[in-house]
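Chemist: Structure provided below as structure tokens; questions to follow.
The values are calculated or read from the model by the stated rules, or taken from the named source; none is laboratory data. This structure is a prediction, so every number in the text was calculated from the model and none was measured. Here Cβ is always computed from backbone atoms with ideal geometry, including for glycine, and neighbour counts include all displayed protein chains.
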Amino acid sequence: MRDIRFVAEHRGGLLTKENHRLLMRWAIDCSEHVLPLVDYQIDVRLLNALNTAKNWEAGNASVGQAMKASLAAHAAALEIADPVYISIARAIGHTVATAHMADHSMGGAIYELKAIKLACKSIEEERQWQNERLKSLLPDDVVKLVLETRIIKEKGLKDLRS
């Protein structure tokens, strides 16, 4: 069962449309922040997924379009050999899926952290960057919800433990 605080108001939840869009913005920023870790051409499906996420945020794409783009990004991840790039593809897949359910934004952020760790960069510095970006975008109650929920989700991921 999803936390009702992540469910959009129009679906009977507590999340405003504006905060849902801002969670998408945060997830997009997180995914784009790790793109420089890939030093070769980014798969067009991943670029399309990011574009779709941006279009959804602006009100110019449907949830259905976002879900198709998410599936395409996850399909791209299955065809990639580089573990950093796989994590980036998964981050992008979750990012665009934020249109469907806002808590997918954390999946994008968590896979971004995994890409950072696989690239032998500082997870703590990246998590701090993510948190600061989140705080610059969203109200305190949503920030608190995201940070508390992300801690719970990360506990089950041995890949992110130091």
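Chemist: Take the conditions at pLDDT 95 or above and crowded, with 21+ Cβ neighbours inside 10 Å and apply them to ALA58. Does it pass?
Modeler: Values: at pLDDT 95 or above: yes; crowded, with 21+ Cβ neighbours inside 10 Å: no.
Here the answer is no, as ALA58 does not meet what is asked.
Chemist: I've got another one for you. Output yes when any residue across the stretch 113-135 is surrounded by fewer than 19 Cβ atoms within 10 Å (Cβ to Cβ), on the phi > 0 side of the Ramachandran plot and out of contact with any Asp or Glu (no Cβ under 7 Å at 6 or more places or on another chain), and no when none is.
Modeler: Within the stretch 113-135 (the criterion being surrounded by fewer than 19 Cβ atoms within 10 Å (Cβ to Cβ), on the phi > 0 side of the Ramachandran plot and out of contact with any Asp or Glu (no Cβ under 7 Å at 6 or more places or on another chain)), the answer is yes, since at least one residue qualifies.
Chemist: For the stretch 138-158, how many residues are crowded, with 17+ Cβ neighbours inside 10 Å and at pLDDT 95 or above?
Modeler: Here is the first cut: in the stretch 138-158, the residues crowded, with 17+ Cβ neighbours inside 10 Å are 138, 142, 145-146, 150, 154.
Going one step further and asking which of them are at pLDDT 95 or above, we end up with 138, 142, 145-146.
Total satisfying the criteria: 4.
Chemist: Residue check, ASP82 against (1) of a type in the set (Asp, Glu); (2) surrounded by fewer than 18 Cβ atoms within 10 Å (Cβ to Cβ); (3) more than 25 Å from LEU118 (Cβ to Cβ); (4) in contact (Cβ under 8 Å) with a residue 12 or more places away in the chain, all met but one. Which one?
Modeler: Every listed condition holds for ASP82 apart from (3).
Chemist: Given the options ASP82, ASP43, ASP29, name the one that is of a type in the set (Asp, Glu) and within 9 Å of the chain's Cα centre (by Cα). Step through it out loud before you land on a result.
Modeler: On the way: ASP82 fails: within 9 Å of the chain's Cα centre (by Cα); ASP43 fails: within 9 Å of the chain's Cα centre (by Cα).
Checking each option against the conditions leaves just ASP29.
Chemist: Also, I was wondering about something else. Could you check SER162 against (1) at pLDDT 95 or above; (2) within 29 Å of ASP39 (Cα to Cα); (3) not in a helix (DSSP H, G or I) and say which number it fails?
Modeler: (1)
Chemist: Take ALA69 and decide whether it is within 26 Å of GLU126 (Cβ to Cβ), buried (at least 21 other Cβ atoms within 10 Å of the Cβ), free of Cβ contacts under 8 Å to residues at least 40 places away in the same chain and in contact with a helix residue (DSSP H, G or I) (Cβ under 6 Å, 6 or more places away or on another chain).
Modeler: Working: within 26 Å of GLU126 (Cβ to Cβ): yes; buried (at least 21 other Cβ atoms within 10 Å of the Cβ): yes; free of Cβ contacts under 8 Å to residues at least 40 places away in the same chain: yes; in contact with a helix residue (DSSP H, G or I) (Cβ under 6 Å, 6 or more places away or on another chain): yes.
Here the answer is yes, as ALA69 does meet what is asked.
Chemist: Continuing with this model, one more query. Here is a list: THR16, THR52, THR98. Which entry is among the hydroxyl-bearing types (Ser, Thr, Tyr), more than 20 Å from LEU134 (Cβ to Cβ) and modelled with pLDDT of 95 or more? Talk me through it step by step, then tell me what you get.
Modeler: Values: THR16 fails: more than 20 Å from LEU134 (Cβ to Cβ); THR98 fails: more than 20 Å from LEU134 (Cβ to Cβ).
Matching residue, one of THR16, THR52, THR98: THR52.
Chemist: I need the full set of residues from the stretch 123-138 which are without any contact (Cβ under 8 Å) to a residue 12 or more places away in the chain and in contact with a helix residue (DSSP H, G or I) (Cβ under 7 Å, 6 or more places away or on another chain), in order please.
Modeler: Of everything in the stretch 123-138, just one residue is without any contact (Cβ under 8 Å) to a residue 12 or more places away in the chain and in contact with a helix residue (DSSP H, G or I) (Cβ under 7 Å, 6 or more places away or on another chain), namely LYS135.
Chemist: While we're here: Filter the stretch 14-46 for residues that are more than 15 Å from VAL146 (Cα to Cα) and in a loop (DSSP other than H, G, I, E, B) and give the result.
Modeler: Listed by number, the residues that qualify are VAL38, ASP39, TYR40, GLN41, ILE42, ASP43.
Each row is one residue, and each column tells you yes or no for (1) at positive phi; (2) crowded, with 18+ Cβ neighbours inside 10 Å; (3) in contact (Cβ under 8 Å) with a residue 60 or more places away in the chain.
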site: ARG5; (1), (2), (3): no, no, yes
site: ASP29; (1), (2), (3): no, yes, yes
site: GLU32; (1), (2), (3): no, no, no
site: PRO36; (1), (2), (3): no, no, no
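Chemist: Please go through the stretch 2-13 and give me each residue that is outside any helix (DSSP H, G or I) and either closer than 12 Å to MET101 by Cα or touching a strand residue (DSSP E or B) at 6+ places or on another chain (Cβ under 9 Å) (or both), ordered by number.
Modeler: Within the stretch 2-13, ARG2, ASP3, VAL7, ALA8, GLY13 meet the criteria.
Chemist: Here is a further query. Check LYS135, LYS144, LYS121 and return the single one that is basic (Lys, Arg) and under 18 Å from SER87 (Cα atoms).
Modeler: Details: LYS135 fails: under 18 Å from SER87 (Cα atoms); LYS144 fails: under 18 Å from SER87 (Cα atoms).
Just one listed residue meets the conditions, LYS121.
Chemist: Further question: Restricting to the stretch 69-106, count the residues that are part of a helix (DSSP H, G or I) and farther than 26 Å from THR149 by Cβ.
Modeler: First, pick out the residues of the stretch 69-106 that are part of a helix (DSSP H, G or I): 69-78, 83-97, 104-106.
Going one step further and asking which of them are farther than 26 Å from THR149 by Cβ, we end up with 72, 75-76, 78, 85.
Residues flagged as part of a helix (DSSP H, G or I) and farther than 26 Å from THR149 by Cβ within the stretch 69-106 amount to 5.
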